[in-house]
Amino acid sequence: ELLSALGALYVQGVRIDWQAFDRDYPRRRLALPTYPFQRQRFWIENAPGEPLESEPSFDLWKSVTERAGRQAEYVPIDMDLAKFAVAWRALDALTGAQIVKELRDFGLFLRAGERNSVEDVLRSAGIAKSHSNLISRWLHRLEIEKILARDRNEYVSGEPLPEPDTNAALKSAEKALADTPVLWNYIDRCCTSLDGILHGKSNPLDTLFPEGSFETAEFLYQNWALPRYFNGILQSALESIALAAARDGRSLRILEVGAGTGGTTASALPALSGVDAEYWFTDLSDLFLTRAERKFSSYPFVRYQAFDLDRDFGDQGVQAHSFDVVIAANVLHATRDIGSTLERVKSLLASGAVLLAYEVTEHLPWFDITVALIEGWQKHNDHPRRQHPLLKPGEWAKALTEHGFEAVDVLPKPGCPTEILGHHVFLARGPRIGVGSKAETIATRAAFEKPLNPSANPTPVSEAQELMSRLASMTHGERVEELVKFVREHVMAVLRLRPEKAPRRTQRLMDLGVDSLMALELARRLAVGLGRKQSLRSTLIFEHPTIQAIAEFIEMSVLDFLVADIREKAEPETSRSGIDLGEISDETVEQLLLAKLKQIKK
């Protein structure tokens with residue numbers, strides 16, 4: 001606003017003291033090319049491997065922290081901080097109501113004096129042991145609210161749990177989130193699915209990626225005002241590093257770990273427009289890598305590779321001390337041991353290089369009926385984190401310092417109004433270790449140039465119709481064989497496998513590396529390929545773990561009426577009574593009779 005006002009005054013002829021305006025900011029004059037067609041570089045070429053900070057008079061770390069700090073003082077125009085306080089209170093009340101409702105539905109704490117430990121609740125309710133920390137937090141919450149009392153490792157009800165008014169709590173939360181309908185729909189789905197998720201009947205990722213859609217995840221990690229604010233801080237820090245590199249004519253190597261849906265990537269890449277950069281987009285899931293290759297196709301300097309932060313990276317095609325910047329957005333907490341994770345991150349950094357981390361730093365109560373149900377929330381197994389995987393801002397700063405980072409800055413600063421958001425950005429400078437290696441082996445480069453599988457795009461409707469028409473004219477055995485080929489093609493697309501790596505029909509998909517997110521994508525792709533409007537169940541690969549099993553399931557449970565409909569449309573002049581049974585096989589006759597019986601039953 002200040003610059004716009006000064007610009008308007010200048011255009012009207014007002015004399016502006018620009019030197020006074022720039023007095024508090026580091027500025028320098030640069031000689032730039034006069035004409036674009038001159039094609040002449042004006043940057044000083046430096047030898048590869050020199051530290052990023054080559055000019056003693058320029059303090060890169062100070063520039064990065066100051067620029068990011070200024071950005072932290074500005075929030076997006078559509079961010080109303082007062083509404084966040086209202087929303088958090090409404091979601092807190094909804095969480096309490098849902099917890100009491102679930103425990104009552106489990107038949108627990110319905111009598112005065114009833115005693116149960118966390119293990120008792122898990123056993124009585126039939127809940128997997130992986131949710132023990134979640135149930136522990138539930139019971140601890142009711143202890144704080146004096147609904148339950150604690151006696152050693154047991155919780156005691158002084159009186160039966162009251163029946164909560166969940167409808168009123170839902171309406172209140174919906175009203176509080178009226179400006180963010182995508183967030184509300186996500187929370188509503190979580191409440192509806194809560195019982196099924198706890199009992200293993202539903203996949204918690206279905207709530208975040210309903211029917212394979214990325215709309216909710218992209219809103220929560222990219223498009224919502226909250227992540228835009230924090231991604232903006234991170235972007236400003238990266239811009240400062242890029243400007244310093246461009247000033248010195250240097251290239252940058254940036255590694256983003258756990259890049260996921262690319263919400264932070266979308267903010268980071270535009271910051272690199274003026275510098276020669278290599279940006280390595282990494283994640284555990286090939287599904288995210290495949291999608292990112294399409295999403296960021298306009299940035300040719302981005303490379304893609306699977307990378308596990310919980311494993312030593314030497315055998316993952318990533319070299320030690322070879323990155324100027326490591327970006328980690330809401331991923332460091334989702335590892336087993338935070339100390340080991342920080343040591344590995346530090347070893348990725350070149351001398352004096354920078355870690356830009358964006359983390360949730362407050363365990364808001366509503367997490368316990370939403371994101372805390374996801375598998376990654378249960379991975380932590382270290383001393384600082386017992387009940388949940390999150391650390392406070394001061395705990396993060398302490399951990400970074402203890403593990404050898406020379407300087408740490410935390411944004412927003414204490415006392416800033418945006419602290420209510422419960423997120424922070426951490427800027428951490430790695431140790432100086434002398435000249436860092438910038439070498440890249442041919443094998444490493446090749447790994448990041450892995451092409452997309454040509455079958456990666458979903459099957460068009462016309463191809464689905466063609467497939468169904470072929471299946472309609474086949475016998476039972478022929479249909480299964482055709483479906484094996486169909487399922488294998490989509491498994492290869494999801495896993496990004498080359499033809500020579502085609503999986504066997506009897507291999508377990510989970511052994512091949514199909515994770516929960518890939519299972520969602522596979523179910524969606526198969527549904528599209530079959531011309532179905534609704535996705536198949538996300539638990540498909542758990543119930544039918546091989547290509548052969550999925551093909552047989554589709555043939556028996558999905559195709560009956562689809563094949564019958566296609567057959568009727570293809571042969572409208574032939575009535576059922578006019579079929580010459582002598583011209584078709586016994587298997588086909590059996591399938592027709594089974595389909596007819598199902599229609600009669602319905």
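The values are calculated or read from the model by the stated rules, or taken from the named source; none is laboratory data. Owing to the predicted nature of the structure, the values given are computational and were not obtained by experimental measurement. All Cβ positions, even for glycine, are placed from backbone atoms using ideal geometry, and neighbour counts span all protein chains on display. The area values use the complete protein model at the heavy-atom level, side chains included, leaving out ligands, DNA and RNA. Shrake-Rupley method; radii C 1.70, N 1.55, O 1.52, S 1.80 Å.
What to note about this one:
- Selection from the range 293-305 of residues that are outside any strand (DSSP E or B) and over 20 Å from Phe219 (Cβ atoms): Glu293, Ser297, Ser298, Tyr299, Pro300, Phe301
- Test: residue in the range 220-237 that is outside any loop (DSSP other than H, G, I, E, B), more than 21 Å from Leu427 (Cα to Cα), touching a residue at least 24 places away in the same chain (Cβ under 8 Å) and in contact with a Phe, Trp or Tyr (Cβ under 9 Å, 6 or more places away or on another chain): yes
- Qualifying residue in the range 20-32 (condition: at negative phi, modelled with pLDDT under 85 and small (Gly, Ala, Ser)): yes
- Scanning the range 319-338 for residues that are touching an Asp or Glu at 6+ places or on another chain (Cβ under 8 Å) and either among the aliphatic types (A, V, I, L, M) or open to solvent by less than 10 Å² (accessible area, probe 1.4 Å) (or both) gives Ser322, Val326, Ile327, Ala328, Ala329, Leu332, Thr335, Ile338.
- Residue selected from the range 554-573 under the condition buried (at least 19 other Cβ atoms within 10 Å of the Cβ) and modelled with pLDDT of 65 or more, by the criterion nearest to Arg479 (Cα to Cα): Glu555
- Residues of the range 253-292 classified as of a type outside the set (Gly, Ala, Ser) and part of a helix (DSSP H, G or I), total: 10
- Scope the range 512-525; condition open to solvent by 10 Å² or more (accessible area, probe 1.4 Å), closer than 15 Å to Arg291 by Cα and out of contact with any Phe, Trp or Tyr (no Cβ under 8 Å at 6 or more places or on another chain); matching residues: Glu521, Arg524
This table checks each residue for (1) without any contact (Cβ under 8 Å) to a residue 12 or more places away in the chain; (2) open to solvent by 10 Å² or more (accessible area, probe 1.4 Å); (3) under 31 Å from the mean Cα position of the chain (by Cα).
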| site | (1), (2), (3) |
| --- | --- |
| Leu103 | no, no, yes |
| Phe106 | no, yes, no |
| Phe109 | no, no, no |
| Arg115 | no, yes, no |
| Arg123 | yes, yes, no |
| Ser132 | no, yes, yes |
| Ser136 | no, yes, yes |
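- Checking each residue in the range 169-185 for being hydrophobic (A, V, I, L, M, F, W, C) and either in contact with a Pro (Cβ under 8 Å, 6 or more places away or on another chain) or open to solvent by less than 50 Å² (accessible area, probe 1.4 Å) (or both) picks out Ala169, Leu170, Ala173, Ala176, Leu177, Val182, Leu183, Trp184.
- Test: Gly376 is assigned to a helix (DSSP H, G or I), touching a helix residue (DSSP H, G or I) at 6+ places or on another chain (Cβ under 6 Å) and open to solvent by 20 Å² or more (accessible area, probe 1.4 Å): yes
- Scanning the range 467-511 for residues that are more than 28 Å from Arg294 (Cβ to Cβ) and open to solvent by 50 Å² or more (accessible area, probe 1.4 Å) turns up Ser469, Arg470, Ser473, His476, Glu478, Glu481, Arg504, Arg505, Thr506, Arg508.
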